[in-house]
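Notes to accompany the following structure.
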2 protein chains.
Amino acid sequence: MTITPLPEPAALDRIRVVLSHPSHPGNIGAAARAMKTMGLSRLVLVNPRLFPDAQADAMAAGATDLLVQAEVVASLSEALSGTVLAMAMTARRRELAVPALWARDGAAELVALAATGEVALVFGNETSGLANDELAMCRRWAMIPVDAGFSSLNLAAAVQVMCYELRLAALDPGLPPAISGAGLLASHDEVERLIAHIERAALSSGFLDPASPKRLIPRLRRMFSRAAPEKEEVNILRGLFAALEKAAAGPDCK
Amino acid sequence: MTITPLPEPAALDRIRVVLSHPSHPGNIGAAARAMKTMGLSRLVLVNPRLFPDAQADAMAAGATDLLVQAEVVASLSEALSGTVLAMAMTARRRELAVPALWARDGAAELVALAATGEVALVFGNETSGLANDELAMCRRWAMIPVDAGFSSLNLAAAVQVMCYELRLAALDPGLPPAISGAGLLASHDEVERLIAHIERAALSSGFLDPASPKRLIPRLRRMFSRAAPEKEEVNILRGLFAALEKAAAGPDCK
């Protein structure tokens, strides 16, 4: 194994993902995979209809370890044992005593509270969601903003979105991956020499009138600035212009 | 239909989701469902291995209309016809001439550019990703931050995360859903009357010594403030205290 794991914050290890009464084992597996891609590992299942199950294993892909370690319990109350906060995901606009949070704010709150103890994010059944007595055990509610005309978010897809938000809330992703082949991009000087070369070729070919240069060169400079060419591309272009100049100046040019 | 669709910004209608060479029809269906939950509708398939397919329909759930309308083309170049920008999703740290963007920034850029014309978000094959010549057709690259030890994000899950980010970038979700049963929460005055009632009961029962009240009442006030009780809960508590006071004062009290 040459993969070097990034340092993971303890927050993600303190967040349980609870699936209450999931109907489809495939969703359990896909949820495990979704969790693991985002660095979460603690799956709790309340009364799953079918578990363990071959379809859960198949959908988990390389995350079957989360299924093996998953806790299976008989009630949401058991699943929340030891937590300081449970947040319920809800898809419907319920008569809530406390307004729901949007997913992003909910994830931020959950991560912040994970610093004080174990927390849980609770997802209900695919069709019926969470029962009212289950909702009542959760101090907070969160919603993923969906299209009003089609709000049918798949269970594992909702787990994926929330785990993604939890990861971003817990972990500064830093800068995007840097260019691994250092020096690939042409330097400013190299681009300027290319532009000088183009200008020379444009003048010698008569394409550019030095008395009325218009905006030709500044516009090319702007284009190359946007393009951020690689060294090799600059070399190719310079080679091409050199060849054209040589051909234009050479004895074979009739 | 009683659902009132929210006004959707034109940006989401100008974003094509391109799946290049998808292997599993189930992923195509799940991607369509993911798109539709977030208000996107334009799916383009480059050389899908199996399409149309019953498994795609099954995984699309209520989003089969996106599959029916999906464009099937033979090359990425065709898929990008008419676009002003194509952004490629990449999972690997490639030798890119331009650093990749994180998903959130990529989505913001794509939505901003959608104001100027058609744009595309391009996902590669489940196993092999995008070919180098496909990547070269995309001016921008974006990555979803994943766990370094397990980066195996499912294709449809990646589509879900990106469409979620696109939706948030395109559409201010506004305030979370308001409480629909107005008046459910107890008012400040009702909570204060409850606290006064508790104080009276605590004094009359001898539990609270008026000469040394400690911090009992302020602490209860803080707890009720956090709890944000509903009117009905306040009424229940007041009824309970009234009953206890009556029992304590009554002739049957020995």
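Things worth noting here:
- For the range A:188-248, the direction-averaged projected area of the alpha-carbon convex hull comes to 4.0 nm².
- Chain B - Rg over Rh from alpha carbon coordinates, Kirkwood radius: 1.30
- As a length-normalised measure over Cα pairs under 8 Å and 6 or more apart, the relative contact order of the range A:188-248 settles at 53 percent.
- Using C-alpha pairs below 8 Å separated by at least 6 residues, the relative contact order for chain A is 20 percent.
- The simple Förster model, with R0 at 30 Å and r as the Cβ-Cβ distance, assigns B:Leu244 and A:Ser75 a FRET efficiency of 0.45.
- Cross-link reach is defined here as a Cα-Cα straight distance under 17 Å, omitting same-chain residues fewer than 8 places apart; for B:Lys231 the aspartates and glutamates meeting it are A:Glu95, B:Asp189, B:Glu190, B:Glu192.
- DSSP-defined antiparallel bridges as percent of all bridges, chain A, nearest 5: 10
- q = 0.06, 0.10, 0.11 Å⁻¹: log10 I(q)/I(0) that the Debye formula gives for the protein assembly as shown, counting C-alpha atoms only: -0.40, -0.87, -0.98
- Sorted shortest first, the distances from the B:Ala242 label point to those of the same residue in the other copies are 9.8 nm; each point sits 7 Å from Cα along Cα-to-Cβ.
- Gap separating the Cα centres of the range A:35-104 and the range A:184-239, nearest whole Å: 58
Bear in mind that the values in this text are calculations on the coordinates, not laboratory data. As the structure is a prediction and not an experimental result, all values here were calculated from the model. Because the Cβ atoms are built from the backbone with ideal geometry, glycine has one as well, and the counts that use them run over all protein chains shown.
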